[in-house]
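The values are calculated or read from the model by the stated rules, or taken from the named source; none is laboratory data. Values in this document were obtained by computation on a predicted structure and should not be read as measured data. Glycine also receives a Cβ, built like all others from the backbone with ideal geometry; neighbour counts cover every protein chain displayed. Note: accessible area is taken over every heavy atom of the protein model, side chains too, but ligands, DNA and RNA are not part of it. Shrake-Rupley method; radii C 1.70, N 1.55, O 1.52, S 1.80 Å.
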Amino acid sequence: MSRYDSRSGDPTSYRDRRSDSGFGGSVRSSSSKKDYDGGESPKKFDLEGLSHFEKNFYVESPTVAAMSERDVEEYRLRREITVEGRDVPKPIKDFGDIGFPDYVLEEISKAGFVEPTPIQAQGWPMALKGRDLIGIAETGSGKTLAYLLPAIVHVNAQPILSPGDGPIVLVLAPTRELAVQIQQEATKFGASSKIKSTCIYGGVPKGPQVRDLQKGVEIVIATPGRLIDMMESHHTNLRRVTYLVLDEADRMLDMGFDPQIRKIVSQIRPDRQTLYWSATWPKEVEQLSRQFLYNPYKVIIGSQDLKANHAIRQHVDIVSENQKYNKLVKLLEDIMDGSRILIFMDTKKGCDQITRQLRMDGWPALSIHGDKSQAERDWVLSEFKAGKSPIMTATDVAARGLDVKDVKYVINYDFPGSLEDYVHRIGRTGRAGAKGTAYTFFTAANARFAKDLINILEEAGQKISPELASMGRGAPPPLSEVLVEAARGAKSYGYCEEEFRIKPTQLKQFQGKDFSSPSSSSSSMGTHPPPPPPPQPPKESFARRYKFLWPLLLTVNLAVGAYIFMRTKKKDTDVELVDEVATPVETTATVTVPLDKSLPTPIVKEPPPKLRQPISENQQLELFKWILEEKRKIKTNDPEERKRIDEEKALLKQFIRTKSVPSI
């Protein structure tokens with residue numbers, strides 16, 4: 001039996017302590033809803049009322065103990081491991097050095113792992129010592145197993161669960177896909193020790209998740225929102241949680257989960273073991289870690305600065321917005337060999353549009369984003385993993401933690417909003433020692449990221465195009481791209497795109513000039529005339545300025561026309577009735593007309609056409625006064641709406657004051 005398997009002992013000692021104050025008890029005795037209110041300060045627990053638990057399980061193997069300080073430094077330098085903290089344990093070199101139970105080592109052997117990754121070599125001893133831990137490593141470096149295997153050891157050393165107890169290990173993840181992926185790994189490596197786990201996330205029915213929690217599970221992997229819902233519904237509690245993991249902590253803060261994380265952590269005993277895992281280390285994550293962690297270890301793989309995986313070959317193409325799709329199709333024709341291709345978009349609408357266009361053009365593409373149901377997202381992900389649909393378009397919901405084998409290419413159709421997201425996106429390829437390629441479409445609108453992107457490319461030893469280097473130096477983008485963007489922006493504001501398009505003859509005088517250096521422009525002032533001013537938007541016409549009066553005048557004219565028509569119709573009907581009464585009907589006389597003589601053609605005198613009488617100015621002025629009174633009754637809080645109404649009232653007052661109406 002392994003030294004970690006203390007669960008076989010008599011668990012009644014723990015059941016006897018359930019009556020003490022602290023975290024024991026049934027589910028229904030959990031904290032009330034007001035305890036989860038983010039407005040209150042976190043609940044302070046009395047450590048004296050809590051049952052004791054064991055969290056230090058690390059015993060240094062003879063092989064690791066024989067390593068000298070010089071050997072440790074050389075190993076850490078070779079694998080780019082940086083550590084911080086006091087009493088830092090030595091790293092391990094082999095799976096047998098950590099002393100995992102035999103059933104865990106069997107699962108590692110089945111997975112085909114040869115040696116621990118750098119984050120595992122240094123992170124496992126730290127996690128098994130029971131201290132809080134901060135782990136920073138690039139994507140695809142094995143962070144998931146770095147905290148799951150110590151979690152399995154931690155669970156096996158605790159008393160077994162009693163009815164009504166919550167989980168022992170809680171893992172918080174930002175997205176549903178990442179949570180499901182972690183749960184699959186936990187099931188695979190925890191099955192041999194009969195450790196049960198479940199995944200709690202939104203977008204699916206609660207019933208199966210509630211049943212799992214009521215049966216009792218040792219490991220819960222959850223997204224913050226659904227977990228809080230389960231806690232407030234009294235379906236679970238966190239009184240038994242002694243091992244807390246925050247995976248992809250920076251992404252959770254980016255998604256606005258800071259209040260939910262604080263609410264969850266406030267319900268966990270303060271002497272827990274907390275592990276913080278991330279691929280980047282922004283200031284927001286650092287500030288949150290200072291509040292949740294006590295005397296932590298810190299292990300950094302590589303540099304703490306932002307950098308990309310060196311196993312990924314990166315290509316950055318400078319394109320305009322309207323060239324993207326054609327460039328994408330041409331790229332797919334070159335690289336499509338049956339391998340999996342992941343295409344990232346910025347928006348959900350753009351993701352659906354590009355997927356629809358690709359499928360119309362014959363490409364096997366599916367999309368995944370936050371607006372799709374969880375069942376559809378799971379189906380799309382399974383089709384992509386199985387290779388039935390080798391092309392998948394996605395938003396940043398698939399940029400963090402998603403581990404799909406054999407993703408050979410990643411295409412950034414839209415450049416992300418931050419360099420951290422760029423690193424995570426391209427990190428979906430080149431995982432677990434494999435090679436990968438990333439293509440990025442970079443436009444003039446992304447120029448503010450050029451300098452930092454060049455630093456990432458240079459650090460990874462990638463080739464930098466001259467256009468990108470020019471953007472990094474602050475040079476303006478090509479004039480043609482600026483004009484295209486200006487025309488597109490003018491079209492979005494209602495102006496004709498042709499009004500902003502410069503002719504090729506006008507564009508020639510700008511070509512060949514260097515606008516980035518002031519000396520070149522100043523030297524050419526005497527020989528060349530100054531460039532013409534940019535085209536101005538057309539002035540607003542009278543019809544556009546008073547467009548709110550058009551429906552009113554049209555309605556008035558239609559009403560008057562209908563009134564005059566009805567009056568005319570009534571008069572014509574009265575005349576026909578009088579003629580029918582005045583004309584006698586002869587029924588006895590028979591008139592015979594010779595066949596050779598034709599009847600004379602009657603001469604019909606048509607009445608002169610009746611013209612519609614226009615509305616008098618007095619009637620129109622009365623109508624404007626009525627409209628002005630109605631406008632005054634309108635109350636709105638929208639500044640733009642209030643400004644428009646004030647302009648209309650001012651125009652109406654002007655018409656009434658001058659006793660004149662606009663001619664349409």
(1) crowded, with 17+ Cβ neighbours inside 10 Å; (2) modelled with pLDDT under 90; (3) of a type in the set (K, R) all hold for K388 apart from (1)
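Residues checked against (1) within 23 Å of I219 (Cβ to Cβ); (2) open to solvent by less than 20 Å² (accessible area, probe 1.4 Å):
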{"position": "I98", "(1), (2)": "yes, yes"}
{"position": "A121", "(1), (2)": "no, yes"}
{"position": "W124", "(1), (2)": "yes, yes"}
{"position": "G130", "(1), (2)": "yes, yes"}
{"position": "L133", "(1), (2)": "yes, yes"}
{"position": "A137", "(1), (2)": "yes, yes"}
{"position": "T144", "(1), (2)": "yes, no"}
Selection from the stretch 53-85 of residues basic (K, R) and touching a residue at least 12 places away in the same chain (Cβ under 8 Å) yields K55, R76, R79
When the stretch 325-376 is checked residue by residue, the ones that are modelled with pLDDT under 90 and touching a His at 6+ places or on another chain (Cβ under 6 Å) are K348
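Among residues belonging to the stretch 64-100 that are under 21 Å from P296 (Cα atoms) and of a type in the set (K, R), point out the one that is nearest to the chain's Cα centre (by Cα).
Looking at residues that are under 21 Å from P296 (Cα atoms) and of a type in the set (K, R), I get R76.
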Within the stretch 342-354, residues in contact with a helix residue (DSSP H, G or I) (Cβ under 9 Å, 6 or more places away or on another chain) and open to solvent by less than 30 Å² (accessible area, probe 1.4 Å) come out as L342, I343, F344, M345, I354
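Table: residues versus (1) in the same structural domain as V241 (by the TED database); (2) at negative phi; (3) at pLDDT below 90; (4) not in a strand (DSSP E or B).
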| position | (1), (2), (3), (4) |
| --- | --- |
| F100 | yes, yes, yes, yes |
| E106 | yes, yes, yes, yes |
| K110 | yes, yes, yes, yes |
| A121 | yes, yes, no, yes |
| A127 | yes, yes, no, yes |
| G135 | yes, yes, no, no |
| S141 | yes, yes, yes, yes |
| P150 | yes, yes, no, yes |
Practice item. Would you be able to say whether some residue in the stretch 29-50 is assigned to a helix (DSSP H, G or I), at pLDDT 70 or above and of a type outside the set (D, E)? Key: no
Of (1) open to solvent by 20 Å² or more (accessible area, probe 1.4 Å); (2) over 28 Å from A445 (Cα atoms), Q357 fails just (2)
Of the listed residues (R313, R290), the one being at pLDDT 90 or above and basic (K, R) is R313
Within the stretch 605-657, residues being within 16 Å of T555 (Cβ to Cβ), of a type in the set (V, I, T) and modelled with pLDDT of 80 or more number 1
Considering residues that are under 20 Å from the mean Cα position of the chain (by Cα) and open to solvent by less than 20 Å² (accessible area, probe 1.4 Å), the number found within the stretch 447-461 is 0
Here the qualifying pairs (Cβ atoms under 6 Å; residues six or more apart or on different chains; first in the stretch 237-252 and assigned by the TED database to the domain that holds T175; second aromatic (F, W, Y) and not in a loop (DSSP other than H, G, I, E, B)) come out as V245/Y147; L246/Y276; D247/W277; A249/Y276
